[in-house]
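Here the structure comes first, spelled out in structure tokens, and everything after it is commentary.
The values are calculated or read from the model by the stated rules, or taken from the named source; none is laboratory data. Everything quoted here is computed from the prediction, not taken from an experiment. Neighbour counts run over all protein chains shown; Cβ positions are idealised from the backbone, glycine included. For accessibility, only protein heavy atoms count, side chains too; no ligands or nucleic acids. Shrake-Rupley method; radii C 1.70, N 1.55, O 1.52, S 1.80 Å.
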Amino acid sequence: MASESHMAAPVCLIENTEGQLVVNQEALKILSSITEPLVVVAIVGLYRTGKSYLMNKLAGKKEGFSVGSTVQSHTKGIWMWCVPHPEKPKHTLVLLDTEGLGDVEKGDKNNDTQIFALAILLSSTFVYNTMNKIDQRAIDLLHYVTELSNLLWRVASPDTDGVEDTADFVSFFPNLVWTLRDFYLSLETDGQEITADEYLENSLKLKEETDQSTQNFNLPRCCIQKFFPAKKCFIFDSPAHRKKLAQLEKLNNNELDPDFVQQVADFCSYIFQHSKTKALSGDIKVDGPHLGSLVLTYVNAISRGDLPCMENSVLALAQIKNSVAIQKAIAHYEQHMGQKVQLPTETLQELLDLHRAIEKEAIEVFMKNSFKDVGQTFQKELGMLLEAKQAEFCKQNLEASQNRCSAVLQNIFAPLEEDVKKGIFSKPGGHCLFIQKRDALKAKYYQEPRKGIQAEEALQKYLQSKQSMSDAILQTDQTLTAKEKEREEARLKLEAAKAAAQRLQENQRKTRELIELRERQHQEQVKQIEMQRAIQQAEQQRALERQLQRFKKRTNLPDQAVAQWIEHRIEKLRTQVRDPRSPA
């Protein structure tokens, strides 16, 4: 409820006792009562740099968060103050003041970075409070803790998994407000005046060279720009004379440097107007119970040791950054191999060539994102992982080829096997017919595309598995062929006998026909002779009668004498007909 969020003074949210972070149950109870959306502003910086003073100003109070006036750090852990938001109705402003970094009495850098990371993860506006100017040390520290925060967010959030969640993490990240205390530099570059925001932008600007030193220079700046898309910079002059700083929280504005007073007012105005409501993935507005749950989640993750614990922050950053770089490289390899490779490949070389090309890209991705990979330890690890990925793809390629060939063989040769079952080849010459059809199907199999590297071996294994079927067809063929030959020989003998009988009958018929023809010809000849004789006798008879007439006229003999003469001539004619050689 809104009324319960109006705390009279801050309470410790996360206690830091001898390097151990423990959540304060009283603070959780306060958060559990706040149902309004929260705007969470957290501040981090070196101890004794005026962080608490700025947070008190945001709370609208001169006192609250412990300011302290000695070189000893006052704030331990993370303190919380919930107040009504001055410019957003029905919103609660949650101010988180953190333990100062670099406390020589503590001497635990890991504890510093844990609190730093928690401030980033819990806030919607993160104030990075540094002294004098923006330098490489401050950039490296912010980069390092940003990477730690990313790691802590991923290991503590059950719904995240790997580098694919970076976009969600960026949307979860707070806005960055960089405050520079006791700023003494002139805000100008190349003789031109610039704003504080331009100064921050120039400090985070990337170099265009590609050598290793430039990559190391650009790496933390790329990270900060990626995870903090909204950035603002404020500069603060020294608030008062050094002797008065010990009582800073008791001084009135007229006792402070006017420029400093205005700078603080501008800072507060910006925070009130531009700080966004804390939100989770899916644009879920964070209320008190949500924030309490986040606090428990992250502190428990730290207690489990999910954050690296190394004295050298550079080594820790290298461990985190290079591990992420390996993940990105592997993700790139898997994504592009998945997109470009079509299993099975026709040849193993085709797969290896594609692997080498994408492996090269993956290594480039790693090199782009790696950080101080001393001795190329992480690159070697990447090489081993890529080699394992290659072996896995080769295995998948082999299996895909086997499956593809099996399907093609089944599709092509199934009709042949069905014909065998139906007994199509169980006949003389069936084996030859079987071989012809099998060879035709083999040619069809070879024409099928994308069978992969197992194409020939799969075919030979299939043919070998069906050899018994071929042998059975051959044996049946041989048995049936022998019987068929016997039947054929008997048939040929029978046909030969029939042909001989037919030839004999034909010869006999032709002989009879020839005899009959000769008989007819003889009869015809006799008939012709008789006809010629009859014609000759008739002609002779007529000739005789003409002679008789002439003779009678010439001799005037009596008819009896003439008759005797005629009889004599007729007898001669008969003799001449019987023997043509006798004289007329």
Legend entry - Along principal axes, Cα extents of the stretch 351-445, largest first, whole Å: 80, 18, 16
Legend entry - Residues with amide H under 5 Å from that of L101, placed H, sequence gap 5 or more: G45, L46, Y47
Inset, instruction - Tell me what the chain gives for mean residue ellipticity at 222 nm when only DSSP H runs of n ≥ 4 count, each as -39,500 (n - 2.57), the sum divided by the residue total, rounded to 500 deg cm²/dmol. - result: -21000 deg cm²/dmol
Inset, instruction - Could you tell me the distance between the Cα centroids of the stretch 171-242 and the stretch 415-493, to the nearest Å? - result: 82 Å
Inset, instruction - Pairs of Cα atoms under 8 Å, at least six residues apart: use those to get the relative contact order of the stretch 1-65, whole percent. - result: 31 percent
Inset, instruction - Measure nothing fancy, just the Cα-based angle from helix 559-578's long axis to the longest principal axis of the chain, in degrees from 0 to 90, nearest 10. - result: 40 degrees
Legend entry - Distance (nanometres) between label positions extended 7 Å along Cα→Cβ at Q525 and T17: 16.0 nm
Inset, instruction - Quick one: angle between helix 377-422 and the longest Cα principal axis of the chain, in degrees between 0 and 90, rounded to 10, please. - result: 30 degrees
Inset, instruction - Determine the share of the chain's accessible area contributed by carbon and sulfur atoms, expressed in whole percent, with a 1.4 angstrom probe. - result: 51 percent
Inset, instruction - Subtract the Cα-Cα distance of K368 and A8 from 0.36 nm times their separation in residues, and report this length gain in nm to one decimal. - result: 124.6 nm
Legend entry - Additional length obtainable on full extension of the chain from E571 to I194, 0.36 nm per residue less Cα span: 118.0 nm
Inset, instruction - Would you calculate the volume per residue, in Å³, of the smallest convex hull containing every Cα atom of the stretch 422-570? - result: 224 Å³
Inset, instruction - May I ask you to compute the full-extension gain from N411 to E392, defined as 0.36 nm times their residue separation minus their alpha-carbon distance, rounded to one decimal in nm? - result: 4.0 nm
Legend entry - Under 17 Å from K421, Cα to Cα: aspartates and glutamates that are on another chain or at least 8 residues apart: D471, D477
Legend entry - For the chain: accessible area per residue (Å², 1.4 Å): 55 Å²
Legend entry - I435-L343 FRET efficiency (beta carbon distance; Förster radius 30 Å; 0.05 resolution): 0.35
Inset, instruction - Just grab the label-to-label distance for D353 and M384, each label 7 Å out from Cα along the Cβ direction, in nm (one decimal). - result: 3.2 nm
Legend entry - Considering only the chain, percent of DSSP beta bridges that pair antiparallel, nearest 5: 45 percent
Inset, instruction - Starting from the Cα of Q376, step 7 Å along the direction of its Cβ; do the same at Q549; then give the gap between the two resulting points in nm. - result: 15.3 nm
Inset, instruction - Straight distance only, please: which lysines reach the Cα of K493 with their own Cα at less than 20 Å, same-chain residues fewer than 8 apart left out? - result: K483, K485
Inset, instruction - For helix 109-122, report the angle its Cα long axis makes with the longest principal axis of the Cα atoms of the chain; keep it between 0 and 90° and round to the nearest 10°. - result: 70 degrees
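R0 = 56 Å: FRET efficiency of Q564 with E506, Cβ-based, nearest 0.05?
Details: r = 65 Å, r/R0 = 1.16.
The calculated FRET efficiency here is 0.30.
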Inset, instruction - With a Förster radius of 51 Å, plug the Cβ-Cβ distance of C268 and E361 into 1/(1 + (r/R0)^6) and report the FRET value to the nearest 0.05. - result: 0.55
Inset, instruction - From the C-alpha gyration tensor of the chain, pull out the three semi-axes of the equivalent ellipsoid (sqrt of 5λ each), sorted largest to smallest, in whole Å. - result: 132, 28, 22
